[in-house]
1. Using log10 I(q)/I(0) by the Debye sum over Cα atoms at q = 0.08, 0.15 Å⁻¹ as the read-out, say which of [x] -0.36, -1.14; [y] -0.53, -1.14; [z] -0.35, -1.35 was calculated from these coordinates.
2. Note the full-extension length gain between R118 and F309 as 0.36 nm times their separation in residues minus their Cα-Cα distance, in nm to one decimal.
3. When the solvent-accessible surface of protein heavy atoms is calculated with a 1.4 angstrom probe, in what order do D69, D213, D191 fall, highest first?
4. Can you find, among S284, F172, W324, the residue sitting farthest towards the positive end of the charge dipole of the chain, where Lys and Arg contribute +1 and Asp and Glu -1 at Cβ?
5. Going through the DSSP H helices of the chain, which span 18 Å or more along their own axis at the Cα atoms while scoring at least 1.0 as a mean Kyte-Doolittle hydropathy?
6. For L55 and Q223 in the same chain, what is the full-extension length gain: residue separation times 0.36 nm, less their Cα-Cα distance, in nm?
7. Between A166 and M1, what FRET efficiency follows from the Cβ-Cβ distance if R0 is 51 Å, with the result rounded to 0.05?
8. Filter K34/K307; K174/K307; K125/K307 down to the pairs with a C-alpha to C-alpha distance above 30 Å, please.
Amino acid sequence: MITFFVVVFAAIVFEYSNGFHDAANAIATVVSTKVLTPRQAIAMAAIFNLTGALLGGAVASTIGKGLVDTSVVTMATVLCALIAAFAWNITTWWVGLPSSSSHALIGGLCGAALATARGNWSVLKWHSGLWPKVVVPMITSPLAGFFLGALVMFALFVIFHRFTPAVVQSVFGKLQIFSAAWMAHSHGTNDAQKTMGIITLALFTGTKAGSFDHLPGWLTFLQTPAFGAIPAWVTILCAITMAAGTAAGGWRIIRTLGHKMVKLQPVHGFAAETSAALIIQTASVYGIPLSTTHVISTSIVGVGAAKRFSGVKWTVVERIIWAWILTLPATGLIGFILARAVAAL
C-alpha cells in the first residue's frame, strides 16, 4: 500500500515536470512573437491544458495496457518507469532541449517491464502497440509537422501576399491567440493522458496483487479489478497537476523553440501552432501517444523553411534531433537498471 502511494506521488511529480517541461509546446511561439506576455501565455496554456486533459481517454488506455504485458507489471515496475522518465525530463530541461516526455515515459515503462520479466522480450507488445502507436508515429509525426507547417505557411503567403505587413501583423496577432489556445488544449488531450494511464495501471496492478483487499471503506475507490475507463479522480488529479506544472513555465525550452531555431512573426506562429494542434488532436482521437514536442518543433522548422530555408538555425535543430533519438533507449536503459536494482534488494 505504501508503495502505491509512492507511485502516485512519483506520477504527480512526473506530470508536474511534464507541465513545465512541455509548456513551451503551447506558448513558445506566442511569447516569441510578443502577441502575449509570458505571464499571459502561461496562464492561457495552463487553462487550456486543463480543458484538454479532462477530455478523452484513448491515449491513457494505450499507455496503461497497450504497450507492455500488464500481467508482469508490479508497483516497483511502474515506479522505476516514472523515475526514469522524470530523470530524463529534468536533464533535457536543464540543458534547454525540447525532448519528448511521452517517449521518456514509454521508454522507462518498457525498460522496467523488461527487467521485471527477467529479459523476456515478449512482454513488450511490439506488433499491436509499440510499432504502430509509438515507433511509426515517432517518424511520421515530425515529418507531418514539417510539411504541414510549410504547406500552411505557403498557403497563407499566397492568400495574404497583397496585404501590407501592418495588416498581416494585426490580423494574425489576434488569430495567434486562438491557435495557441488550441495547441495548449491539444497538448492536454494527449500528454496528460499518459500519466492517467500509468496511475490506472498502478491501481490495476495493486488490485491484482491484493494490496487493496483490506482497505477501510473510504478507500475502496482504489480497487480497479479491470483496466477499463480511467477513474474520474485520476483524470482530475492529472489535469490539475499538468496545469500547475504549465503555470510554472519552462523558460529554457521556450527560448530554444521560440527564439533559437527560427525568427517568428505572428503569422508564422499561427501556421506552426495550427498545424501542430491539428496533428496532435487527430492522434489523440486514435489513442496514439504522440510526442507533442516533436510535432510543434518540426512545425516551427517547416514554417521557417517555407519563409526562408537558410533562416532556420540547423545546428540547433541537429541538437534537438539527437535528444529525440536518444530518449527511448536512454530512458529504457535507466528503467531497466532501476528495476533490476529493486529486484536485487
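1. Comparing each candidate, only [x] matches the computed number.
2. 63.9 nm
3. Result of the area sort, largest leading: D213, D69, D191.
4. Looking along the dipole axis, the top candidate is F172.
5. Within the chain the helices that satisfy the rule are 2-21, 75-94, 101-116, 136-160, 232-248, 314-344.
6. Extra length available between L55 and Q223 comes to 58.2 nm.
7. The computed FRET efficiency comes out at 0.20.
8. Exceeds cut-off: K125/K307.
The values are calculated or read from the model by the stated rules, or taken from the named source; none is laboratory data. Quantities reported herein were computed from a predicted structural model and do not represent experimental measurements. Glycine gets a Cβ as well: all are built from the backbone with ideal geometry, and neighbour counts include every protein chain shown. For the accessible areas, the whole protein counts, side chains as well, though only heavy atoms, and no ligand, DNA or RNA atoms are used. Shrake-Rupley method; radii C 1.70, N 1.55, O 1.52, S 1.80 Å.
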